[in-house]
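The values are calculated or read from the model by the stated rules, or taken from the named source; none is laboratory data. Note that the coordinates shown come from a computational prediction; the quantities given were computed from them, not determined experimentally. Here the Cβ positions follow ideal geometry from the backbone for every residue, glycine too, while neighbour counts run over all protein chains shown. Only protein heavy atoms, including side chains, enter the accessible area calculation; ligands, DNA and RNA are left aside. Shrake-Rupley method; radii C 1.70, N 1.55, O 1.52, S 1.80 Å.
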Amino acid sequence: MNQVLLQFDALPPRTMKGTIVRLIEQVGELPGNQIGAVTVQGRAATAAVPASAAARLIKLLDGATIGTQPIRVALARTESRSDARDSQNARRGGEPFFDRLLRLLDTEARAEAEQTLRRARASSGEQAEKSGNSLVNLVLRDESVGLGGRVLWRLGKRQMGQPLPWTRLNAGAPVLLSEEGQRDATGYRGVVSERGPDSIEIAFAEPPEPQSERPLFRLDLANDEVARQRQRQALERARDAAGDRLAKLRDVLLGDRPARFLSPPAEAANESTDSPSTAWRPFDESLDASQRSAVRFALEAGDIALLHGPPGTGKTTTLVELIRQAVARGEKVLACAASNMAVDNLFERLLSAGVRAVRLGHPARVLPELRAHTLDLLVENHADVRLARQLVRQATSLRDKASRWRRARPEPGEKQALREEAKQLMNDARRLEALAVAHLLDTAEVLCATLTSLDSELLGRRNFDLAVIDEACQTTEPACWIPLLRCERVVAAGDHCQLPPTVVSPDAQREGFAVSLLERLMRTDSETLSRRLDVQYRMHASIMGFSSAEFYEGTLVAAQEVAGHLLADLPGILADQWTTTPIHFIDTAGASFDEELEPDGESRRNPGEAEVVQRVVGLLVDRGLSAREIGVIAPYAAQARLLRERFASTTTDRAIGAGRFEGLEIDTVDGFQGREKEAIVISLVRSNPTGEIGFLGDVRRMNVALTRARRKLVVIGDSATLAHHDFYQRLLDYLQAANAYHSVWEFNE
């Protein structure tokens, strides 16, 4: 009998061989005499089974529970499994597709670890804080319990009331807490749950245990190794799938099998009727023609549909409509995105539409106003879990009684009986909590989570009719395979003409690790698999025009309500040349505003341009525009730091904290992805005699920067330097044609 090995993972501690055999017999319905050798090592095991039964067993056993613990089951990694990958590997030639992604995932992990180590070695004190990745000289201000039973530590500077410096340690960031002055001290992993002007709150699974009486602490931005492991497991499972839905979906995404549609996908321009199988009526009657076409197309996709959403075109609105339509058809939906902010945006819109949605993931990474809808807090407030907490208290009391007898000597076996009773109460408590979790997951219409927070032990064997991946271009491909493991079909949405995934390793970058799943599919079969949204609802037509021509073949159209709107149309705004025109370019050529390297750093800044930015923001505020409606974008982190210092000494998150410019946001391009302001001021920084523009050459970054403004865009740069690059020469030509060109000398008059 030809046999293969099944791999069992996430087993409860001390699982025995007999438990695995009984599981295969009872749940997998396989006679015991067909089960071969079983080995158990820690929380993993393998079992030999007939090759002909492997696919059926995986379907039945994957996600099954042992006690209350969901387990994972897949084909074990052996040389014989290569048959399942022959077609995809042979078609590509060279290194197999998934093996290459796994190798690059490891390359990137090593580069991130080396980067973290370099930062730790090279930076201490103020230098560490200057990077934005660390906070030092912190003391414990308060300790409490919250967020689903997690321990909360509030930390602040040693001097009471001293403000925290600007930092990237925002709510939801994974951090490592260490004790300063203790070389061998263990670091404690946590998540930032809240941050204020002079304190930061961290959520820990277990309370840290300082070694000294009056410890000083340091916080550093940490890598998420759990996320990395989940990506690796997803790639391995997708690579090795055979004879199941995952294998078929994998083959479609790799081009080895054509994508299925319920009816032949028509050209978008000709889509005016629905097939009988996808007849639908929009819940949101305000959807434009391209949004309706995209929803219709996604509803007809049997495997994969791509939704291309250029800036301001209502991608989230379209996804919400799609999800509501799927729910109305009785489907279970998994809604994911690369970032917590994007998930929260989608989640909030779904809740407002009356969809029964539950948010997965650490509550500290969720917006405070949405935390009541997270699984952790819903479980905490569930009636069964409140009863479970009572059982835990009873069990604790019984264990204490068994370990301490104050008067008479206990009867023989009485201590053991108390311990057994306590054990049974704890088992009952765990069972009640597991049932509450299962009920909440099963009754939700939509589960929302970041891609890498999808926990197999939590989700068990649950599968979904539809997986929606928003921001699909802002994450590397391995993360997208995590939801693909458990869906019938997938809709990926994003814009490959905006920011690509962040990749630290130059080697991984060169080998294409920054090419997202959506971008790869758009490159190979965009006409068959995708629909583009073409009406934008954010920008004045002149602000939109350059990006539309440069990145979207001139197809974008400004909606009537935004096509001509200006700052002067807002109440209380003084009308003059700054508020009655949509674009302003200030050319610094010849002004000796030379770029420079930041002291003790590698990033670039331009003090002369920073001064111009200050004056422009001041002019806009003087004309009645709130600083909260202004964003300042600098491609270089050093310029962003310099500008924060120039505008105010106190910042919270990316925004100025007090004074005339309170609420003014200053950040790099990455920080403004997916966001918008009434007015945007961009400082391009580069100014040198050789025309070097560095990573300004990644024009997708500039596409993001140029499309954040609603009514006013101000660009500050050196035309003599920028014109060496064809993209920037075209931008300068566009600005000149739009009568937006102004010399810095004119500005100084």
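Spatial offset of segment 218-248 relative to segment 688-708 amounts to 33 Å, using the alpha carbon center of each. Of the GluC sites (Glu not before Pro) in segment 548-607, the ones in a loop by DSSP (not H, G, I, E or B) with at most 13 other beta carbons within 10 Å are Glu553, Glu602. Placing one equal scatterer on every Cα of the chain and applying the Debye formula, the log10 ratio I(q)/I(0) at q = 0.11 Å⁻¹ is -1.36. Could you tell me which of Ala559, Ile630, Leu574 has its Cα farthest along the dipole of segment 556-681 towards the positive end, charges placed at Cβ (Lys, Arg +1; Asp, Glu -1), taken about the Cα centre? The residue sitting farthest along the positive end of the dipole is Leu574. Here the relative contact order of segment 24-70, from alpha carbon pairs under 8 Å that lie six or more residues apart, stands at 33 percent. Taking the Cα centre of the chain as origin and assigning +1 to Lys and Arg Cβ atoms and -1 to Asp and Glu Cβ atoms, the resulting dipole is close to 3000 debye. For Lys59, the aspartates and glutamates whose Cα falls under 13 Å of its own Cα, not counting residues fewer than eight places away in the same chain, are Glu29, Asp244. Average accessible surface for the chain: 44 Å² per residue, computed with a 1.4 Å probe over protein heavy atoms with every protein chain in place. Packing, taken as the mean count of other beta carbons within 10 Å per residue, orders the peptides 49-61, 157-169 from highest to lowest as 49-61, 157-169.
Look at the alpha carbon pairs under 8 Å that are at least 6 residues apart: their mean separation over the length of the chain gives a relative contact order of 11 percent. Applying the criteria of a DSSP loop state and at most 10 other Cβ atoms within 10 Å to the GluC sites (Glu not before Pro) of segment 277-361 yields Glu285. Sorting the segments 333-344, 694-705 by their mean number of nearby beta carbons within 10 angstrom, highest to lowest, gives 333-344, 694-705.
In straight Cα distance, which lysines are under 25 Å from Lys712, not counting same-chain residues fewer than 8 positions off? Hits, sequence-local ones excluded: Lys315, Lys677. Counting only residues at least eight positions apart within a chain, or on another chain, there are no lysines with an alpha carbon under 16 Å from that of Lys332.
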